[in-house]
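The values are calculated or read from the model by the stated rules, or taken from the named source; none is laboratory data. In this text, all values refer to a predicted model and were calculated from it rather than measured experimentally. Glycine also receives a Cβ, built like all others from the backbone with ideal geometry; neighbour counts cover every protein chain displayed.
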Amino acid sequence: METINCINSEGKRVVLPKDKFRRRPSAYALVVNEGKVLLLKHKKTGKFWLPGGGLEAGEDASTAAVRETKEETGLTVRAKGSVASLENPYYDDIRDDAFIGEIEMILCKPADDDTGPTLGAEDEDIAEAQWVEADTLGPDDFHDIGGKLAEIIKKNAAK
């Protein structure tokens with residue numbers, strides 16, 4: 001039986017049968033401003049992640065990234081374009097839902113009239129939203145795909 005190694009909702013590694021996984025198109029916003037990136041801190045693990053989530057029916061990745069950022073941080077952003085595509089297996093053990101996130105990372109900038117991030121009420125797993133200096137981030141600051149994510153952030157933080 002083929003298996004997939006992934007993380008669960010508490011940041012722990014689990015191995016599950018491959019046929020348990022479904023594919024989930026998703027978009028995450030790489031929101032940059034003056035060398036800083038907007039990150040969410042997970043309540044249980046203390047690790048960072050980008051605002052984002054699954055695409056709704058008929059929604060494209062840019063629209064989803066803008067919507068998710070507003071829901072999770074309160075910040076209004078403008079999408080500039082895709083900077084990376086990744087796959088990330090994940091297991092939500094609370095809902096017994098395993099999926100392979102087909103992640104489109106969308107570069108975004110804050111809207112001119114927005115005052116800054118606040119914590120959105122949409123996700124009980126988010127401890128805080130904060131701006132972090134991109135050049136201080138490393139693989140251990142993030143969940144599962146931290147090395148790839150840190151590299152993508154550093155490459156795009158000055159754009």
Original post:
Residues of the stretch 48-90 being without any contact (Cβ under 8 Å) to a residue 60 or more places away in the chain, in a strand (DSSP E or B), surrounded by 19 or more Cβ atoms within 10 Å (Cβ to Cβ) and more than 11 Å from the chain's Cα centre (by Cα), which ones?
Top reply: VAL77, ALA79
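Take the conditions part of a strand (DSSP E or B), out of contact with any Asp or Glu (no Cβ under 6 Å at 6 or more places or on another chain), within 29 Å of ILE4 (Cα to Cα) and of a type in the set (Val, Ile, Thr) and apply them to ILE103. Does it pass?
yes
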**OP:** Would you please name the residue that is modelled with the highest pLDDT, looking only at residues in the stretch 106-147 that are more than 18 Å from ILE7 (Cβ to Cβ), in a loop (DSSP other than H, G, I, E, B) and hydrophobic (A, V, I, L, M, F, W, C)?
**Re:** LEU137
